[in-house]
Every structure is written in structure tokens, then in C-alpha cells.
1. Using just the helices of the chain, give the 222 nm mean residue ellipticity in deg cm²/dmol: DSSP H runs with n ≥ 4 each add -39,500 (n - 2.57), and the total is spread over all residues, rounded to 500.
2. Please list, ordered by chain and number, the residues whose modelled amide H lies under 5 Å from the amide H of residue 126; skip anything fewer than 5 residues away on the same chain.
3. Determine, from the Cβ-Cβ distance of residue 39 and residue 135 and an R0 of 45 Å, the FRET efficiency 1/(1 + (r/R0)^6), rounded to the nearest 0.05.
4. I need 42, 142 ordered by Cβ neighbour count within 10 Å, fewest first.
5. Tabulate in residue order the Karplus-calculated ³J(HN,Hα) for region 159-173, using 6.51 cos²θ - 1.76 cosθ + 1.60 with θ = phi - 60°, rounded to whole Hz; enter x for Gly and Pro.
6. How much length is gained if the chain between residue 187 and residue 210 is pulled fully straight, taking 0.36 nm per residue apart and subtracting their Cα-Cα distance, in nm to one decimal?
7. Near residue 170, within a Cβ-to-Cβ distance under 14 Å, what is the net charge of the other residues, with Lys and Arg +1 and Asp and Glu -1?
8. Please order 80, 219, 68 by the number of other Cβ within 10 Å, starting at the fewest.
Amino acid sequence: MKDIVIIGAGIAGLACGDWLRKRGIKTQILEKSAGVAGRVATRRAQGTWLDHGLTYLQTGTDPRYNAFVKELLDCHVIQFWTESRFFLSVHGLANQLEDRPLFASPNGLNTIGKYLAQNQHINYKTKVTEIKIKDDRWQILTDQGEFRADILVMTPPAPQTKELLMAGLSDYPQIITPLEHIKFSSTMSLLAGYHNSRSVPSDWEVIECRDSKVLQHLFLIVQNRTILVVLLWFYTAQQNLQRNT
């Protein structure tokens, strides 16, 4: 059986490993941090949880993805959240019912990563420093030692993947060049909390800002007895902050 190494224990890496595991194929996942789920990020503070990466799931057009959403529902990892979304524009606030419901997690959406990580071989706090090809196999150098693989799966964002590959694979432009055409925009998430005695409409869970060049979304993600937390997403935050300061 071929040795398979997956770099990254975000949702992409975990989903890949889980798919292979269910088919009897063993893998090793290398993760530089101490946890899983990557950008499906959840913080915990003030006795509650705060999703500041992915904020909800919604069914799509791919039956395999929809089957996964149903699996998460059946296992109580996620639950129904809302069917409405508000749109804020210069004309005011308008409500629109979604044709597909939105789902959230009662314990934070990084529980999706924890669910997928079950029964997988994950090497935590293992930072990849260089990747080479040696004797027709992948040689993965990390701060915790060396790994070898017949098949290598890269799941970090394209800029990080390119940086990892450049050092040891500069003679393989067919691998690196396609990554140069993948562009990312920066986004800033801001969590704002205040006492829940202030009146906020209970159905304002999702507000999309259509006319703003800076503010993208507002999410009412936590509302309990003592604190109300709002998540603000900003488009290309770094560029906008530099332009406005």
C-alpha cells in the first residue's frame, strides 16, 4: 500500500483523510498547530463560543456535500439556525427568505473539524519546512523530523503551498506555476460584544451589506442572558485600513 501524507488539518485535509480512511486507506496528517479545523475557527470567552471563521453551513448542489451536511445533522454536530437573511443597502434593510436553510453548531463550528479528526493519525505541532523529491518519493522535512510519502496532498492556501514548494522544488515549474495564478483577498473579522439588555431583533442573525466597499457581513452569533456578540466581516481589510489611515 502506498504511503500518503496530507499537509494541513483544516477541513480540506481532514475531509480527504476521512474519505480515504473510510475506504481502508491509511494516511498521516501533518498539522503545524495544536488543533484542527483551520479557518473554521472558534474562540471561547465569557462562558460562550465565538465563530469567527466559517459562520454557517448551507446545502448546495453537490449530492456528496449534501450527504455530509445530513451526516453532521444526524450526529448533532450542527443544527438548524435560520431561514432568513437581511440585506443592508442605501435603501434600508430588506428581509429575504432563503431557499436553503442555514445551519450552525451549538458548540462552535470547529466541532466539524473535531468530528472529522476522529480515528485519524494526526501529527500536531509539526511544521513543514521544506519539500523535496528523492528517489521518486516525496521527502517532507519538518521541525519534528522527516516523513516520506508516495502521494502528497497539500491543503494549505495557495500562497502557503507555493512557499513550501519553492525551496525544494524550484526545478519543477509545472508544480509551482499554476499556484501563482490563484489570488487571495484578505478579510478581517471583528467580534463585538455588549450587554444583552439592549434590544436587538431576534431574527437579525445574518445581514449582508451590499453597497459597502468595506463591510461585508454582520452575524448575530451568540445571544444569551448576559452577552450579545456580533461578528463583522470586512472586505480586503488590510488594504482598506491602509487607504483610510
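Values in this text are rule-based calculations from the coordinates and carry no lab data. Treat the numbers as computed from the prediction; the structure is a model and nothing was measured. Cβ: placed from backbone, ideal geometry, glycine included. Neighbour counts: every protein chain shown.
1. So the helix-based figure for the chain works out to -6000 deg cm²/dmol.
2. It is 31, 32, 33, by chain and number.
3. 0.80
4. Fewest-to-most ranking of 42, 142: 142, 42.
5. x, 5, 4, 4, 4, 5, 7, 4, 4, x, 10, 5, 7, 10, x
6. Using 0.36 nm per residue and subtracting the Cα-Cα distance, I get 6.7 nm.
7. It works out to a net charge of -2.
8. Going from least to most buried by this count: 80, 68, 219.
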